[in-house]
Amino acid sequence: MKTFLSALVLFSTSAFAWGPTGHRVVGEIAEKHIKVETLAKVRKVLNGESLARVANWPDEIKSEPAKYGYTFNWHYTDWKDDQENHDHEHSTGKLLPALDEQIATLKDEKKTEAEKAFALKFLVHLMGDLHMPLHVGNGIDQGGNFCKVLFHNTPSNLHRVWDEDMIDFTRLSFTELTQFVSRTHGLKSLEYKQGSILDWAKESKEIRQMIYPPAVLIEESGAGSPTYCLRPYNEVAANLPKISYEYSYQFVPVMEKRLFQAGVRLAKILDD
């Protein structure tokens with residue numbers, strides 16, 4: 001049992017979405033778009049804390065697998081490239097039903113304040129996860145964690161690039177990043193609120209299929225996935241894609257849009 005839990009912690013700690021800054025941005029944006037009466041209820045449930053403050057709690061509790069291990073597979077779902085419809089039954093990750101469960105708890109007047117606080121902390125976090133493209137994974141490379149790359153010549157992996165590297169490279173605080181993405185996307189907030197959780201997951205899947213860098217060509221590799229996602233090819237630095245300014249120029253705007261969409265959609269859910 002101890003070995004299993006250790007492996008679970010190893011997986012889950014490498015599968016954060018957006019990192020601390022990104023999750024706080026989602027919470028901050030949501031608070032700027034929810035109704036005044038909704039915000040009052042949020043603060044009451046959270047004992048005065050903000051959504052930005054609690055947004056990373058579901059990642060922090062991964063240090064207690066004996067107590068919270070049952071939540072570790074809530075942070076992601078699988079949606080294979082060749083599947084038109086999401087296969088709820090066979091997905092190893094339970095992100096979509098977990099979101100539904102937290103929403104149901106917040107709507108249930110019979111639930112305790114502690115249960116609602118738990119659900120609200122997870123809801124703000126999981127809405128961020130839902131909008132990180134690699135948390136709607138292909139079921140092959142652990143959400144890009146197996147895909148080793150060089151980010152500005154520093155060893156990383158594709159998941160970490162989207163999780164933290166691109167955000168950290170901006171050198172912006174979460175409040176600054178909130179202001180920047182709100183200025184860019186604010187006029188589309190009503191448009192972005194349209195759709196369902198499943199629709200928003202499908203958006204992540206479609207983005208995910210575009211963000212894998214081209215593989216470094218290796219003769220006779222026979223690889224069905226990008227070579228930098230597979231051993232032994234990704235064990236050699238010369239075989240790894242070099243992600244730099246060009247990649248960031250293309251995808252930082254996509255990342256910022258997803259953060260904003262997650263925030264305004266969280267606001268919509270809370271108002272509802």
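The values are calculated or read from the model by the stated rules, or taken from the named source; none is laboratory data. Note that this is a predicted model, so its numbers are computed, not measured. Neighbour counts are summed over all protein chains in view; Cβ atoms, including those assigned to glycine, are modelled from backbone coordinates with ideal geometry. We work out accessible area using only protein heavy atoms, side chains counted, and drop any ligands, DNA or RNA first. Shrake-Rupley method; radii C 1.70, N 1.55, O 1.52, S 1.80 Å.
Are any of the pairs K44/K268; K202/K268; K116/K202; K41/K202; K41/K62; K32/K188 more than 25 Å apart by Cα-Cα distance, and if so, which? Distance filter (> 25 Å) returns K116/K202; K41/K202; K41/K62. When the P(r) of the stretch 37-141 is calculated, the portion above 21 Å amounts to 39% of the C-alpha pairs. Rolling a 1.4 Å probe over the protein heavy atoms of the chain, with every protein chain left in place, gives an accessible area that is 54 percent carbon and sulfur. On the beta carbon distance between E101 and K32, with R0 = 22 Å, the FRET formula returns roughly 0.25. Principal axis extents of the C-alpha atoms in the stretch 189-272 (largest first, rounded to whole Å): 54, 26, 17.
The orientation-averaged shadow of the Cα convex hull for the stretch 105-162, equal to a quarter of the hull surface, comes to 5.4 nm². Cross-link reach is defined here as a Cα-Cα straight distance under 16 Å, omitting same-chain residues fewer than 8 places apart; for K111 the aspartates and glutamates meeting it are D100, E101.
Label reach from E246 (point 7 Å along Cα→C-beta): in the stretch 142-185, amide nitrogens under 15 Å belong to 150-153.
From most to least packed by mean Cβ count within 10 Å, the peptides 32-42, 52-62 give 52-62, 32-42.
The value for the chain of Rg(Cα) / (2.2 N^0.38 Å) is 1.00. Excluding same-chain neighbours fewer than eight residues apart, the aspartates and glutamates reachable from K94 by a Cα-Cα span under 15 Å are D78, D129.
Annotation for K44 and D271: the two label points, set 7 Å from Cα along the Cα-Cβ direction, are 2.0 nm apart.
How much length would be gained if the chain were fully extended between M210 and R231, taking 0.36 nm per residue of separation minus their Cα-Cα distance, in nm to one decimal?
5.3 nm
Diagonalising the gyration tensor over the Cα atoms of the stretch 100-246 and scaling each eigenvalue by 5 before taking the square root yields semi-axes of 34, 19, 15 Å, largest first.
The alpha-carbon of K148 sits under 22 angstrom from the alpha-carbons of these lysines, leaving out residues fewer than 8 places away in its chain: K80, K205, K242. Solvent-accessible area per residue in the stretch 39-119 equals 57 Å², computed with a 1.4 angstrom probe and all protein chains kept.
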